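The values are calculated or read from the model by the stated rules, or taken from the named source; none is laboratory data. Not measured: the values here are computed from a predicted model. Cβ placement follows ideal geometry from the backbone for every residue including glycine, while neighbour counts extend to all protein chains displayed. SASA here: full protein model, heavy atoms, side chains in, ligands and nucleic acids out. Shrake-Rupley method; radii C 1.70, N 1.55, O 1.52, S 1.80 Å.
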Amino acid sequence: MSRPLTVHRLPPRSLAGRLFVMQVVVLAAVVAGCAALAYVNARDRADDEARHRVVATAAAVADAASVLAAVRSADPSAALQPYAERVRAGAGVDFVTIMDTRGVRWTHPDPALIGKRFLGHIGPALRGRTFTETYTGTLGPSVRVVTPVRDGSHVVALVSVGITVDTISHHLRGQLAALAAVALGALALSGLGTYVTNRRLRRHTHGMAAEELGRMYDYHQATLHALREGLVLLDADRTVVLCNDAARDLLTLRGEVVGRGVADLGLPASLTGALLSAGPRVDEVHLTAERVVLVNTSPVRGGEQRGTVVTLRDHTELQALTGELDSVRGFAEALRSQAHEAANRLHTVVSLIELGRPEEAVDFATAELRLAQALTDQVVSAVGEPVLAALLLGKAAEAHERGVDLTVTADSRIDDGVLPADLAGRDLVTLLGNLVDNAIDAAIEGSGQHGGRPSVEVTARAEDGELLLRVADSGPGVDPGAIREVFRRGWSTKSQGHGLGLALVEQTARRRGGGVSLAQGPGGGAEFTVRLPLVAPGTEVPA
């Protein structure tokens with residue numbers, strides 16, 4: 001049974017390898033073309049040089065007075081042959097032939113040919129004109145000139161000077177060898193430079209082929225658009241090199257981003273500082289115009305800092321859930337403490353009954369119930385919004401447990417259904433919960449300054465088409481010089497790690513089209529006021 005034929009495919013050649021082969025072929029073609037052009041030019045120059053040399057030599061011989069005198073003598077060859085040989089050796093030509101007007105030689109490099117007829121054309125020279133030609137004579141093909149020797153106006157002799165084609169070719173072969181050496185040297189040097197360059201390119205492309213690089217780019221683009229986390233790449237000058245769709249949404253960026261500096265993106269100062277920082281940042285919480293963003297930065301180093309990789313995660317929902325969880329946790333702690341206190345009070349009531357004092361037991365039990373029920377009745381009757389009512393009751397229990405009196409002002413009034421449907425309960429928890437938490441902490445901090453029991457006063461009412469939330473405390477207040485910094489992320493009078501609550505309040509109020517302000521409260525502490533429109537901008541309020 002025959003085995004199936006297996007075809008082994010060669011791996012695709014890398015991009016650097018393809019470029020190297022292409023560059024070598026191009027270089028070889030260029031060098032070969034240049035060498036061919038140089039050879040043709042050298043050959044033409046050699047021919048021209050030979051023609052100029054023979055013409056100049058022939059003219060000098062024809063004009064020599066000794067030549068004319070020898071022509072008039074009885075034996076011209078005796079005087080002209082030695083002279084012609086000296087001229088031939090000195091001028092570097094192959095032959096100097098002097099002849100009569102019939103073409104009979106008086107001189108020749110081969111003495112045996114003296115007296116024989118010249119092989120070539122002499123007609124134009126007999127008519128008084130100097131001419132050149134390439135002709136095959138006794139010495140082989142040669143470039144020669146024939147010029148007349150004049151005695152006055154009469155042509156009395158002829159002079160022919162020539163250089164053989166072999167002599168020209170021999171001289172040209174020497175030039176060709178030098179030209180070939182230069183061409184090979186240029187090709188070798190260019191090939192070496194191309195090899196070094198392509199080796200570096202191979203290292204940067206990791207030996208991948210062009211198809212692999214194209215496929216990787218396609219995956220790269222698809223990955224960037226599929227990532228739900230924001231990704232921003234910055235170069236060493238803190239200019240945006242890459243920004244994916246998630247990052248544009250999280251940072252609320254508009255228009256072209258790539259090529260712009262971080263400082264020109266219009267981001268909050270704290271976030272801009274984090275992106276401009278040279279060191280890494282790990283899970284830092286920053287606020288943008290509409291979101292809470294978790295920022296991580298990592299410098300890209302390769303001998304020197306090349307840039308920074310920035311990843312962004314949306315922390316808005318988690319931050320809101322964390323705030324709600326903190327409120328629920330505080331409420332649970334308050335209920336646990338109240339359950340413990342209720343058990344103690346129950347033991348006290350039982351003990352009073354056992355001691356035969358039922359009237360005192362009833363008074364003791366109903367007094368605590370009246371206080372708790374009075375606050376519950378006040379909150380429920382004033383605030384019909386379930387989320388706000390539950391939040392205030394929970395914060396009141398927590399404040400009572402921490403030794404702070406939390407009261408709701410008599411002018412508070414929010415009927416059920418007044419708040420618009422798009423005003424999420426989560427936003428209400430963020431606004432009022434953070435303000436109350438901040439007020440409780442401030443009241444406890446300032447309890448030793450004003451004397452008396454720490455207190456927090458809450459006002460919540462809907463009036464004139466807007467929701468008003470006001471929280472005042474009996475704390476130390478805020479330094480007037482720091483009022484502008486209160487709502488900046490990271491500002492806090494407490495330990496490190498705080499300072500986000502008021503920034504979230506300001507962000508949420510601004511996102512809902514409202515605002516938050518800070519003033520001095522009636523008791524000397526801080527008074528925060530939040531105003532939110534109950535209708536969207538541009539919506540007509542029904543009459």
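With respect to L234, determine if the residue is over 30 Å from D427 (Cβ atoms) and out of contact with any His (no Cβ under 6 Å at 6 or more places or on another chain). Judged against the criteria, L234 is a match.
The set of residues in segment 123-134 being without any contact (Cβ under 8 Å) to a residue 40 or more places away in the chain and either farther than 23 Å from D166 by Cβ or open to solvent by less than 70 Å² (accessible area, probe 1.4 Å) (or both) consists of G123, P124, A125, L126, R127, G128, R129, F131, E133. A single member of G137, G115 is more than 60 Å from the chain's Cα centre (by Cα) and farther than 18 Å from I168 by Cα, and it is G115. Meeting the requirement of 2 or more residues that are modelled with pLDDT under 75, more than 20 Å from D314 (Cα to Cα) and open to solvent by 70 Å² or more (accessible area, probe 1.4 Å), the helices (runs of 4 or more DSSP H) wholly within segment 204-300 are 210-226.
Hey, could you check segment 155-184 for residues that are among the small types (G, A, S) and open to solvent by 30 Å² or more (accessible area, probe 1.4 Å) and say which is modelled with the highest pLDDT? Taking the candidates together, the pick is A181.
Among residues that are open to solvent by less than 20 Å² (accessible area, probe 1.4 Å) and either touching a residue at least 60 places away in the same chain (Cβ under 8 Å) or closer than 22 Å to T164 by Cα (or both), I114 is not included.
Scanning segment 55-90 for residues that are outside any helix (DSSP H, G or I), among the small types (G, A, S) and over 13 Å from V149 (Cβ atoms) gives S73, A74.
If you check G152, G137, G120 for being over 15 Å from A58 (Cα atoms), open to solvent by less than 20 Å² (accessible area, probe 1.4 Å) and modelled with pLDDT under 85, only one passes: G137.
Selection within segment 395-418: residues that are touching a residue at least 60 places away in the same chain (Cβ under 8 Å) and surrounded by 20 or more Cβ atoms within 10 Å (Cβ to Cβ). The member of this set that is nearest to the chain's Cα centre (by Cα) is K395.
Of all positions in segment 479-490, none carries a residue that is under 49 Å from the mean Cα position of the chain (by Cα), modelled with pLDDT of 70 or more and β-branched (V, I, T).
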